[in-house]
Amino acid sequence: MEWTFIDTWIVVTAMLSAMSCALLGNYLVLRRMSMMGDAISHAVLPGLAIAFILTGSRESLPMLLGATIVGVLTTFLVQAVVKLSGLDKGASMGVIFTTLFALGLILIRQAADHVDLDPGCVLYGAIELTPLDVIPLFGMEIPQAAVTNAAMLAVNLAFVLVFYKELKITSFDPALATTIGINASVMHYILMTLVAATAIASFESVGSILVIAMLIIPGAAAHLLTDRLWLLLVLSLVIAAMCAVLGHVSAITVPVWFGFRDTSTAGMMAVAAGGIFLAAFLFAPRYGLVSRMIRQGALALKIVKDDVMGLLYRFEEVAPDDAGALGIEELKDALEGGASVRLAVWDLLRTKRIRRRAGGFALTDTGLGESAGIIRSHRLWESYLCGKMRYCMASVHASAHRLEHVTDPAMQAELDRAVGHPVRDPHDKKIPD
Amino acid sequence: MGRPLPANTVFRKRCRKAADMQTPEANDKTAGVPPREASHRRSSQGAPNPGRGPGNGPDIMPDAIDDATAPLSVKDLTVAYQRKPVLWDVELTLPEGRLIAVVGPNGAGKSTLIKAILGLVPRASGRVSIYGKPYEAQRHLVGYVPQRESVDWDFPVNALDVVAMGFYRKIGWLRPVTRSHRLAAVKELEKVGMADYAHRQISQLSGGQQQRIFLARALAQDARIYFMDEPFAGVDTATERAIIALLKDLKASGKTCVVVHHDLQTVPTYFDHVVLLNMRVVAHGPTEAVFTEENLKKTYGGRLTLLSQAFYELSKDPRLPRGTKGSQE
């Protein structure tokens, strides 16, 4: 891998543009209007084209202006279509942004075909070329795109910091916000205006596909990682920056490993964003798939362990003194489980709740105390369901069996009080203390 | 591109007609007369007011409330979603320091009434004043508890953040929430028994706990009149008791609470004032006088079908805007 100052500028530009998109994108994700980012970033194209046709140049300012106007127009048009036609918002966005996007493409083809404003560039951007278009600043030659995106990021940062509280309340509870004089729809339109401006500022460098990816993915991934708004904003910026670095590095290395030429940085950034989202989706501490599976697995194992101990307790309760002990096969048959029973038994042995005895298992003193608690919950529930709720069918055992696993000591005491401290359950079995 | 034509334009026109008949002079003349007479006079003048025949006017108990000091006074309020009117010609003056239930069948416009008062849905006609001045000038006196389902509980905030939102108006634009606000928010949480949950993400709270968070936020608003939209909907008994205790506290400190309520059985025990609503105000006044079987029949029974029929006929009017389907309620 050969790293030059050009690579540095590519990464810096990509980072700035990804971060400015991600920052506002958080609010699109939180307001459940991610599609609006999609719509705006497509719909600004005719604004871009018209600004170009009118001024005849690719100056940033007129383009920014034209695109922002059309972007805001899009949000109004979407609202208007929803109101007038009764279509739902998604369909309305679909109609508006595809039409505007197509119009933009036609305009570019017809009027601006002879210059380097080509549709492909709009879709994928030309970040590899941005370091060539430099302007002098602070005695350095800085790529114009980096300056534009840095300015946009600064504006967005200022907006989010200054209106942090107002953005929070209008996103969470627009009705309350409006009643206390923070007009939710005004905030909505300011946000949309900035989204449009940001989209256009990033357009040139990273293209519309990446704008959409960077508006939505960092925010969505960050939301899986945290429940605090400020942390979510910070994390989304970090994720966006990571996408830029990972994207460019893999764009210039990964294809080479397989004997191809290096590929588009913008494309690889979107892939990196998807990868980061996937990782967050799988491994996030609270909402990740893996941790949820682990929690569910732990709960399932606890239930099997409770059942094994309950079974041993009942067995010891009724078995004559000279009876043998329950073995693993009998436990498996009784609990209709295989590997889970084996795992539960292993864990119970490990934590010394049961011990081996005469080719089978018996409860230790610890295990006896705990299982008495489970059986107590079970039999109290049976008494409660039968006595208080008049639910005395055979299935009362099954219900009690489910409830015993979720009964903590406080609930048990309450239950005991509710059924009047019984000594025996409806099946005339003794309720252990 | 102009703004889309509001779907309720036609109603606005009609209501303006109705309002025109009541000229300022007429207004002055009726100032001392209880609203009952005023509305009768209008219907006898033939204002388009389907469903309200002679003698069917709202049974408003002359409560001797002065409009200029009443916490809430609503005049001639009409609201329509798309082309379907939801509230028709609502006249309401509420006394101070009471717990007031807004009761009526589904689709009677209870939530809409509150939203229209607070300017959250456009009014086709009508005036709302809070303590004698237009609502817009009196926002600081008003607290609002929206329906629990109206917000996204997966939003990345904790209980404390939500309660602190009650201080936002006081804090003002561009200023941050400070430590003292957070401490004050914890105090409000204590009042609803939720201080232990201050740092809990709001999606991890039960429905009743979420409702209590909303109430704590309303307390933080420190208003004089509160509007609560179904605070008792789907809450556990502990929360119901907490809400009732809270309402009594508010009443004791002279606040007025207007509460949309679903459970008819508990109305007489919880509330001392009732507004019976079914697209229009059927009756309002002290609970013992107004909460009668006859009035409830009027609110929930027979006449509803007649009104709906009339509005159905109205909706076929070819002059109404076309192609608006779906409704917001």
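Can you name the residue in region A:234-263 that is touching a residue at least 60 places away in the same chain (Cβ under 8 Å) and surrounded by 22 or more Cβ atoms within 10 Å (Cβ to Cβ) and is also nearest to the other protein chains (Cβ to nearest Cβ) among such residues?
Checking each candidate, the answer is A:S236.
All but one of (1) touching a residue at least 24 places away in the same chain (Cβ under 8 Å); (2) touching a Phe, Trp or Tyr at 6+ places or on another chain (Cβ under 8 Å) hold for A:V290; state the number of the condition that does not hold.
Tallying (1) touching a residue at least 24 places away in the same chain (Cβ under 8 Å); (2) touching a Phe, Trp or Tyr at 6+ places or on another chain (Cβ under 8 Å), A:V290 fails exactly one: (1).
One line per residue, one yes/no per condition, for (1) free of Cβ contacts under 8 Å to residues at least 40 places away in the same chain; (2) at the interface with chain A (Cβ under 9 Å from one of its Cβ atoms); (3) of a type outside the set (D, E, K, R):
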residue: B:V128; (1), (2), (3): no, no, yes
residue: B:P146; (1), (2), (3): no, yes, yes
residue: B:A159; (1), (2), (3): no, no, yes
residue: B:M165; (1), (2), (3): no, yes, yes
residue: B:G172; (1), (2), (3): yes, no, yes
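Go over the candidates B:I213, B:I225, B:I243 one by one and state the one that is touching a strand residue (DSSP E or B) at 6+ places or on another chain (Cβ under 6 Å), crowded, with 19+ Cβ neighbours inside 10 Å and more than 11 Å from every other protein chain (Cβ to nearest Cβ). Walk me through how you get there before you give the answer.
Values: B:I213 fails: touching a strand residue (DSSP E or B) at 6+ places or on another chain (Cβ under 6 Å); B:I243 fails: touching a strand residue (DSSP E or B) at 6+ places or on another chain (Cβ under 6 Å).
Of B:I213, B:I225, B:I243, the one residue that is touching a strand residue (DSSP E or B) at 6+ places or on another chain (Cβ under 6 Å), crowded, with 19+ Cβ neighbours inside 10 Å and more than 11 Å from every other protein chain (Cβ to nearest Cβ) is B:I225.
Specify which of the listed residues (A:M309, A:M269) is in contact with a strand residue (DSSP E or B) (Cβ under 7 Å, 6 or more places away or on another chain) and over 26 Å from B:Q204 (Cβ atoms). Break it down stepwise before answering.
Details: A:M269 fails: in contact with a strand residue (DSSP E or B) (Cβ under 7 Å, 6 or more places away or on another chain).
So the residue among A:M309, A:M269 that is in contact with a strand residue (DSSP E or B) (Cβ under 7 Å, 6 or more places away or on another chain) and over 26 Å from B:Q204 (Cβ atoms) is A:M309.
Consider A:V186 carefully, then state whether it is aliphatic (A, V, I, L, M), surrounded by fewer than 24 Cβ atoms within 10 Å (Cβ to Cβ) and either in a helix (DSSP H, G or I) or at pLDDT 90 or above (or both).
Details: aliphatic (A, V, I, L, M): yes; surrounded by fewer than 24 Cβ atoms within 10 Å (Cβ to Cβ): yes; either in a helix (DSSP H, G or I) or at pLDDT 90 or above (or both): yes.
Considered against the rule, which asks whether it is aliphatic (A, V, I, L, M), surrounded by fewer than 24 Cβ atoms within 10 Å (Cβ to Cβ) and either in a helix (DSSP H, G or I) or at pLDDT 90 or above (or both), A:V186 comes out as yes.
Within region A:205-233, which residues are more than 14 Å from chain B (Cβ to nearest Cβ) and surrounded by fewer than 21 Cβ atoms within 10 Å (Cβ to Cβ)?
Correct list: A:I209 only.
If I filter region B:145-178 down to residues being of a type in the set (D, E, K, R) and more than 25 Å from A:H223 (Cα to Cα), which single residue comes out as surrounded by the most Cβ atoms within 10 Å (Cβ to Cβ)? Walk me through how you get there before you give the answer.
Let us first name the residues in region B:145-178 that are of a type in the set (D, E, K, R), namely B:148-149, B:152, B:154, B:161, B:169-170, B:175.
Within this subset, residues satisfying the condition of being more than 25 Å from A:H223 (Cα to Cα) are B:169-170, B:175.
Values: B:R169: 23, B:K170: 14, B:R175: 11.
The extreme case among them is B:R169.
If I filter region A:351-360 for residues that are among the aliphatic types (A, V, I, L, M), modelled with pLDDT of 85 or more and within 21 Å of A:L301 (Cβ to Cβ), do I get at least one hit? Full working, then the answer.
Initial filter on region A:351-360 (among the aliphatic types (A, V, I, L, M)): A:354, A:358.
So of that shortlist, the ones also modelled with pLDDT of 85 or more come out as A:354.
Now narrow it down to the ones that are within 21 Å of A:L301 (Cβ to Cβ): A:354.
Yes, the conditions are met somewhere in region A:351-360.
Do the conditions hold for A:A150, that is, is it small (G, A, S) and either surrounded by fewer than 22 Cβ atoms within 10 Å (Cβ to Cβ) or in contact with a Leu (Cβ under 6 Å, 6 or more places away or on another chain) (or both)?
Working: small (G, A, S): yes; either surrounded by fewer than 22 Cβ atoms within 10 Å (Cβ to Cβ) or in contact with a Leu (Cβ under 6 Å, 6 or more places away or on another chain) (or both): yes.
Considered against the rule, which asks whether it is small (G, A, S) and either surrounded by fewer than 22 Cβ atoms within 10 Å (Cβ to Cβ) or in contact with a Leu (Cβ under 6 Å, 6 or more places away or on another chain) (or both), A:A150 comes out as yes.
Name, by its number, the condition in (1) within 14 Å of chain A (Cβ to nearest Cβ); (2) crowded, with 23+ Cβ neighbours inside 10 Å; (3) of a type outside the set (D, E) that does not hold for B:R182.
So the condition that B:R182 fails would be (2).
Scan (1) free of Cβ contacts under 8 Å to residues at least 60 places away in the same chain; (2) more than 13 Å from chain A (Cβ to nearest Cβ); (3) among the acidic types (D, E) for the single condition B:D154 breaks and write down its number.
(2)
Which ones in region B:85-140 are of a type in the set (K, R), farther than 26 Å from B:L246 by Cα and crowded, with 18+ Cβ neighbours inside 10 Å? Before the answer, list the steps.
Taking region B:85-140 and keeping what is of a type in the set (K, R), we get B:98, B:110, B:115, B:123, B:127, B:133, B:139.
Still in the running and farther than 26 Å from B:L246 by Cα: B:123, B:127, B:133.
The one that is of a type in the set (K, R), farther than 26 Å from B:L246 by Cα and crowded, with 18+ Cβ neighbours inside 10 Å: B:R123.
Could you please find all residues in region B:65-123 being assigned to a strand (DSSP E or B), farther than 26 Å from A:I182 by Cβ and within 14 Å of another protein chain (Cβ to nearest Cβ)?
Hits for region B:65-123 are B:A80, B:K84.
For region B:130-144, how many residues are at the interface with chain A (Cβ under 8 Å from one of its Cβ atoms) and farther than 19 Å from B:V259 by Cβ?
Quick first cut of region B:130-144, residues at the interface with chain A (Cβ under 8 Å from one of its Cβ atoms) only: B:139, B:142, B:144.
So of that shortlist, the ones also farther than 19 Å from B:V259 by Cβ come out as B:139.
The qualifying residues number 1.
Can you spot a residue in region A:48-67 that is within 14 Å of chain B (Cβ to nearest Cβ) and closer than 24 Å to A:I209 by Cβ? Give the steps one after another, and end with the answer.
Residues of region A:48-67 within 14 Å of chain B (Cβ to nearest Cβ): none.
Within region A:48-67 (the criterion being within 14 Å of chain B (Cβ to nearest Cβ) and closer than 24 Å to A:I209 by Cβ), the answer is no, since none of the residues qualifies.
State yes or no: is A:E166 part of a helix (DSSP H, G or I), surrounded by fewer than 23 Cβ atoms within 10 Å (Cβ to Cβ) and without any contact (Cβ under 8 Å) to a residue 24 or more places away in the chain?
Details: part of a helix (DSSP H, G or I): yes; surrounded by fewer than 23 Cβ atoms within 10 Å (Cβ to Cβ): yes; without any contact (Cβ under 8 Å) to a residue 24 or more places away in the chain: yes.
Answer is yes for this residue.
Checking the structure you have, find out if any residue of region A:238-247 is farther than 30 Å from A:F172 by Cα, modelled with pLDDT under 95 and not in a helix (DSSP H, G or I).
Among the residues of region A:238-247, not one is farther than 30 Å from A:F172 by Cα, modelled with pLDDT under 95 and not in a helix (DSSP H, G or I), which makes the answer no.
So for region A:19-40 (the condition being at pLDDT 85 or above, of a type in the set (K, R) and on the phi < 0 side of the Ramachandran plot), does at least one residue qualify?
Yes; the residues of region A:19-40 include at least one that is at pLDDT 85 or above, of a type in the set (K, R) and on the phi < 0 side of the Ramachandran plot.
The values are calculated or read from the model by the stated rules, or taken from the named source; none is laboratory data. As the structure is a prediction and not an experimental result, all values here were calculated from the model. Here the Cβ is made from the backbone with ideal geometry for all residues, glycine too, and neighbour counts use every protein chain on show.
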